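Participant: This is the structure I have questions about; it appears just below.
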Amino acid sequence: MPILQCLIIDDEPLPLALLSDYINKTPYLQLAGAYTNPLDALMAAQQQPIDLIFLDIQMPELNGVQFMELINGKCKVIFTTAYPNYALKGYDLDVLDYLLKPISFERFLKAAGKAMPVSQAERALFVKVEHKIIKISLSEIQYIEGLKEYIAIHTLDKKIITLQSMKKMEEVLPPAQFLRTHKSFIVALDKIDSVERNRIFIKKNIIPIGDTYKEPFFAVINDKNLL
């Protein structure tokens, strides 16, 4: 797996510290520098190979949009900001993603994953279990079950309980591989053995298909010729 060299640029120390921590927790990212002054960061980006920049938009002296125009496509950029009205301009500049503060680790991972080569698209999910963060390969996940404020991630050989919402998990997982089938279930499409009426069979497990999700579910599996 390639290691991406990253810069963080933000005029506030709190997001700098948070994103630095996120990068240090992510195996395929390496922090090359964190800057409050965008001019110093611009010099650093010109003097060393940088793959990815987490770039605040609203900064004095040089804002994020101006900074991106100056680096002229030298590396990939993910915008970070507290102002959602900048999103459209960001996508006009062809940024990878747009992170709205406060940024969760799950949302950070989803954005960072877009910087990886296509061949590395299926990697891992990082979840907090008690006092540690553990890595789960996406290819091992069979389905995810909602348990009120917790979720259970059912893999090929174990069940992992973590404090998380189904909505956030749905945002993190790649939609080409995972699909919501019920308010309490997300399934890995390649793990489906069969479907009978409103039930999905994955080995000995039976997952319901809710009325709200029935039409999009069958549209996806018919499009993919899964059944």
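Participant: Of all residues being under 15 Å from Met169 (Cα atoms) and hydroxyl-bearing (Ser, Thr, Tyr) in segment 131-154, which is modelled with the lowest pLDDT? Just the residue, please.
Facilitator: Step by step, filter segment 131-154, then rank; the result is Ser137.
Participant: If you check every pair at least six apart or on different chains, which have Cβ atoms under 7 Å apart with a residue in segment 1-29 that is assigned to a loop (DSSP other than H, G, I, E, B) first and a residue that is hydroxyl-bearing (Ser, Thr, Tyr) second?
Facilitator: Here the result reads Met1/Tyr28; Pro2/Tyr28; Ile3/Tyr28; Asp10/Thr36; Asp10/Thr80; Asp11/Thr36, each pair linking segment 1-29 to a residue that is hydroxyl-bearing (Ser, Thr, Tyr).
Participant: Quick one: in segment 191-212, of everything that is assigned to a helix (DSSP H, G or I) and modelled with pLDDT of 90 or more, which residue is nearest to the chain's Cα centre (by Cα)?
Facilitator: From segment 191-212, those assigned to a helix (DSSP H, G or I) are 191, 211-212; that's our starting set.
Retained after the next criterion (residues that are modelled with pLDDT of 90 or more): 191, 211.
Details: Lys191: 21, Asp211: 28 Å.
Selected residue: Lys191.
Participant: What is the one condition in (1) assigned to a helix (DSSP H, G or I); (2) in the same structural domain as Phe185 (by TED's automatic domain parsing) that His154 does not satisfy?
Facilitator: (1)
Participant: Among residues belonging to segment 60-77 that are among the aliphatic types (A, V, I, L, M) and under 25 Å from the mean Cα position of the chain (by Cα), point out the one that is surrounded by the most Cβ atoms within 10 Å (Cβ to Cβ). Full working, then the answer.
Facilitator: Taking segment 60-77 as the starting set, the residues that turn out to be among the aliphatic types (A, V, I, L, M) are 62, 65, 68, 70-71, 77.
Now restrict to residues that are under 25 Å from the mean Cα position of the chain (by Cα): 65, 68, 71, 77.
Numbers: Val65: 18, Met68: 22, Ile71: 16, Val77: 24.
This residue is Val77.
Participant: Return the residues of segment 95-116 that are of a type in the set (Gly, Ala, Ser) and either within 13 Å of Gly64 (Cβ to Cβ) or crowded, with 18+ Cβ neighbours inside 10 Å (or both); say none if nothing qualifies. Break it down stepwise before answering.
Facilitator: Just the residues of segment 95-116 that are of a type in the set (Gly, Ala, Ser), to begin with: 104, 111-113, 115.
Of everything in segment 95-116, those that are of a type in the set (Gly, Ala, Ser) and either within 13 Å of Gly64 (Cβ to Cβ) or crowded, with 18+ Cβ neighbours inside 10 Å (or both) turn out to be Ala111, Ala112, Gly113, Ala115.
Participant: With (1) more than 19 Å from the chain's Cα centre (by Cα); (2) under 19 Å from Gly113 (Cα atoms); (3) free of Cβ contacts under 8 Å to residues at least 12 places away in the same chain as the list, and Ala32 as the residue in question, which single condition is left unmet?
Facilitator: Result: Ala32 passes all but (3).
Participant: Leu156 is checked against (1) exposed (fewer than 13 other Cβ atoms within 10 Å of the Cβ); (2) out of contact with any strand residue (DSSP E or B) (no Cβ under 7 Å at 6 or more places or on another chain) and fails just one. What number does that condition carry?
Facilitator: Of (1) exposed (fewer than 13 other Cβ atoms within 10 Å of the Cβ); (2) out of contact with any strand residue (DSSP E or B) (no Cβ under 7 Å at 6 or more places or on another chain), only one is false for Leu156: (2).
Participant: So Pro174 ticks every box in (1) closer than 30 Å to Lys74 by Cα; (2) part of a strand (DSSP E or B) but one. Which box is left unticked?
Facilitator: The one condition Pro174 does not meet is (2).
Participant: For Leu14, which of the numbered conditions (1) exposed (fewer than 13 other Cβ atoms within 10 Å of the Cβ); (2) over 18 Å from Lys101 (Cα atoms); (3) of a type outside the set (Lys, Arg) fails to hold?
Facilitator: The failed condition is (2).
Participant: Name the residue, out of Ile161, Ile186, that is under 21 Å from the mean Cα position of the chain (by Cα), surrounded by fewer than 16 Cβ atoms within 10 Å (Cβ to Cβ) and among the hydrophobic types (A, V, I, L, M, F, W, C). Explain how you work it out, then say what you get.
Facilitator: Values: Ile186 fails: surrounded by fewer than 16 Cβ atoms within 10 Å (Cβ to Cβ).
Ile161 is the lone residue from the list that is under 21 Å from the mean Cα position of the chain (by Cα), surrounded by fewer than 16 Cβ atoms within 10 Å (Cβ to Cβ) and among the hydrophobic types (A, V, I, L, M, F, W, C).
The values are calculated or read from the model by the stated rules, or taken from the named source; none is laboratory data. Quick caveat: nothing in here was measured; it's all calculated off a predicted structure. Ideal geometry is used to build each Cβ from the backbone, glycine not excepted, and the neighbour counts take in all protein chains shown.
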